[in-house]
Amino acid sequence: MKVGLFVPCYVDQFYPNVAIATMQLLEKLGCEVVFPLEQTCCGQPMANSGFSHISEGCNKNFVDNFSGVDYVVCPSGSCTLHIKDHLHVEGKEAEAEKIRKQVYELSEFLIDVLKIDHLTASFPFKVGIHSSCHGQRGLHLSSMSERVLPAFSKPETLLNMVKGITLCKPQRVDECCGFGGTFCVFEEAVSAKMGKDRVQEHEDNHVDYITGVDMSCLMHMEGILKRQHSKVKVIHIAEILNAHFN
Amino acid sequence: MQGTTTHSEKAAQFIANEPRTDWHDDTLWFVRTKRDRAAHTIEAWEGLRATASHIKEHTLSNLHDYLTQFEQNALANGVQVHWAADAAEHNAIVHSIIKKAGIDKIVKSKSMLTEECHLNEYLIQQGIDVVDTDLGERIVQFRHELPSHIVLPAIHLKKQDVSDTFHEHLGTEKDNIDPSYLTHAARLHLRDKFIASDVAITGVNFAIAETGGIVVCTNEGNADMGVHAARVHIACMGMEKMIPKAEHLGVFLRLLARSATGQPITTYSSHFHKPRKGAEMHIVIVDNGRSRQLGRADFRNSLKCIRCGACFNTCPVYRRSGGHSYHNAVAGPIGSILAPNIDMRKNADLPFASTLCGSCSNVCPVKIDIHDQLWKWRQVLMKEGYGGSGKNIMMKGMAFVLSHPRIYRMAGGMGRKVMRWMPWLFNNKSLNPWYKNREMPAPPKQSFREWYQQNKQ
Ligand code: SF4
């Protein structure tokens, strides 16, 4: 099974360890992983700002890079959702459609495609789960507090396979952290306040780490934690699922 | 969206008082949790939402027929029906009815439509005094403010604020913040107004095509009080309030109050069908941009809204920025998709007052895809050039870099180096909004791409 690893631009630049962990994890689970070198970004920063009409070049580049793999896997719910919902390229619509259908966020790929039921990872820490909105409400990685539907969570199912881990949830289980892409600068005050409130609930739970499927939310919360000189750290789910502590 | 009135600027002012922001957030979150509990008591909740959504979609697709059927039945019931193309016409019609009746003391129960049309201001200019009889509305009216929430108009005010307002306008004891003392004072005050007024204006929650009747939902019974004491009843409704049959009320009334406040049903669901003997009943049906919205394929289903306010209570941005930061009669997520239809330039900032978290669409009892419409409005507004030239240039630059992998790699590498060598450029609160409340991520020595090329190729 040939997997094209799609690494969000900010992960490539700021959090290479997340991409390394994703790659190693997929390889451990038997996938052939390639990283198309000419990839840049999914185009979400422009589209969420209202400029999807100028993201054609970016979309075309994406399609050129990811045609010819069986699956596209990405360690970000938000970027995955964007591709699924909005990847269109004039003249290459068939390829674009194929990619829209074969793109997966990492945790849903592990559960729905690889159907894994155990992991060798261990992570003996107390970990707070942050439910990133686009993964949850967009990709349905987990049930949502607003809906009257049976409860489930793909990321949590995976984390529960990790030895030694203690999971805990904030009181408002799935409130947004306030990152929101360019929202984080254009609506700086609300964004920062939302982040502070989210982080506080995890602090109250005395966690060692906050984890989630989206590094962008975690980057935002990390910025706040560091400013507050907090001991709490952030860690992407791929890094936990690939972790070995003895 | 230029100038000093954007949502983000008003929100920053609101948040400057952090304890008050926390209080506002907690109060509305409490309402959201009550809504959750109420929804979970109904096993078929999601099915009920789907049914409500289908009924509304069907009605919107056949709106012309249902409106005409409604008018015929209302006329047959002895109701006078008026049609208003816009806010100005609505206000003029209401004014002419009042003038003809020769009355200048008016009571009005809650109606977001009359807020949208700025009816109060208009009537005051004509020398007519309107008294809002919904408690929350009366409080904001005393303070010359607008409602900050469509269901809880004075939710931005604390007990002390209400006490101060009543002390000033009703002569209650200074600093007495006991809610029952204050509501008792309001009750006495409003009772006089009910007795003295001969015209009662109400809103409309549901208009039933099959019967020509209307339903008004309140918790205070103030719509009934006003109408029963008055000689003339004027009901003002947006033309999207229509439902085909009376039996459909069973779907909507179950959803409305549970979504709004977590109550199983509003205390009063008042049905009005015809005028009493010797009295008059008027219904003013208002378009004011609704048919334009109906014509926009991507946004038409925003007209399904039953104004329950659930999307406000769940919205993490609304809870932390307050209703007034939306500078529109209807605030919150639904206001942000309705407002650009009325005035794109003035409201171009509102679809950006959201993280697109999607919680609004999940609570909406009529399943409006609110967060998707916010996204779509952004595309429309920026394409039409309401983003200003700065944003345009920035985005074009970004689009260029992201379509050219080599330039992207160079820019990324340079960015990380600049961050390491010149951290002051990034760690600067006025140049970089991110840095105001957050540290920048530490730039690693190597990008993933570089690691991959070194280790995997
Ligand atoms: S959009 Fe939906 S949730 Fe919001 S007020 Fe209207 S009906 Fe209620």
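List of remarks:
- Folded to 0 to 90 degrees: helix B:388-403 orientation relative to chain B principal axis, Cα: 50
- Summed side-chain charge close to B:Ala52 - residues other than B:Ala52 whose Cβ falls under 10 Å, Lys, Arg +1, Asp, Glu -1: +4
- Rounded to the nearest 10 degrees, the angle from helix B:87-101 to the longest Cα principal axis of chain B is 20 degrees.
- Relative compactness, segment A:126-241, computed as alpha-carbon Rg over 2.2 N^0.38 Å: 1.01
- Residue order for B:His54, B:His144, B:His233, fewest other beta carbons within 10 angstrom first, comes to B:His144, B:His54, B:His233.
- Bridge orientation summary for the protein assembly as shown: considering DSSP beta bridges with both residues in this region, about 15 percent are antiparallel.
- Rg and Dmax of chain B, based on Cα coordinates, read 25.3, 91 Å.
- Relative to the longest principal axis of the Cα atoms of chain B, helix B:179-196 runs at roughly 50 degrees.
- Part-to-part distance (alpha-carbon centres) for segment B:206-242 and segment B:9-81, which is given in Å: 16
- Residue-averaged 222 nm ellipticity for chain A, from DSSP H runs of 4+ at -39500 (n - 2.57), nearest 500: -11500 deg cm²/dmol
- Sorting A:Lys126, B:Lys241 from the fewest to the most surrounding beta carbons within 10 angstrom yields A:Lys126, B:Lys241.
- Kirkwood estimate for segment B:214-319, i.e. one over the average of 1/r between Cα atoms, Å: 15.8
- Computed FRET value (nearest 0.05) for B:Gln160 with B:Gln446, which takes r as the C-beta separation and R₀ as 45 Å: 0.20
- Mean separation of Cα contacts under 8 Å, 6 or more apart, over the residue count of segment A:126-241: relative contact order %: 32
- Across q = 0.18, 0.22, 0.24 Å⁻¹, segment A:25-114 modelled as identical point scatterers on its alpha-carbon atoms has Debye log10 I(q)/I(0) values of -0.78, -1.12, -1.29, in the order of the q list.
- Projected-area mean, chain A, by convex hull of Cα positions, square nanometres: 13.2
- Of the residues B:Asp349, A:Asp64, the one with the fewest other Cβ atoms within 10 Å heads the list, and the complete ranking is A:Asp64, B:Asp349.
- Modelled spin-label separation between B:Ala246 and B:Lys456, with each label point placed 7 Å from Cα along the Cα-to-Cβ direction: 6.8 nm.
- For A:Ser122, the amide hydrogen comes within under 5 Å of the amide hydrogens of A:Lys163, A:Ala243, A:His244, A:Phe245, counting only partners 5 or more places away or on other chains and with H modelled in the peptide plane.
- Order by protection proxy (mean Cβ within 10 Å, highest first), peptides A:65-73, A:84-92, B:281-289: B:281-289, A:65-73, A:84-92
- Calculated P(r) of the protein assembly as shown - Cα pairs past 41 Å, %: 34
- Label zone of B:Ser61 (point 7 Å out along Cα→Cβ, amide N under 17 Å): in segment B:332-374 this covers B:367-369.
- A:Met1-A:Lys231 pseudo-label distance in nm [points 7 Å out on the Cα-to-Cβ vector]: 4.0
- Segment B:1-74: equivalent-ellipsoid semi-axes (sqrt of 5 x gyration tensor eigenvalues, Cα, Å): 38, 25, 11
- Considering all C-alpha pairs of segment B:42-288, those separated by over 32 Å amount to 22%.
- Translational diffusion of segment B:286-377, estimated by Stokes-Einstein from the Kirkwood radius over alpha carbon pairs at 20 °C in a medium of 1.002 mPa s, is 166 µm² per second.
- Note on B:Glu43 and B:Lys396: the extension gain reaches 122.2 nm, defined as 0.36 nm multiplied by sequence separation minus the Cα-Cα distance.
- Label point distance in nm, B:Leu75-A:Leu149, each placed 7 Å from Cα along Cα→Cβ: 4.7
- Spatial separation of Cα centroids for segment B:125-163 and segment A:37-58, in angstrom: 45
- Per-residue ellipticity at 222 nm from helix content only, as computed over chain B with -39500 (n - 2.57) for each DSSP H run of at least four residues, stands at -16000 deg cm²/dmol.
Every number in this text was worked out from the coordinates using simple rules, so none of it is lab data. Predicted model only: the values in this text are computed from it and were never measured. Cβ: placed from backbone, ideal geometry, glycine included. Neighbour counts: every protein chain shown.
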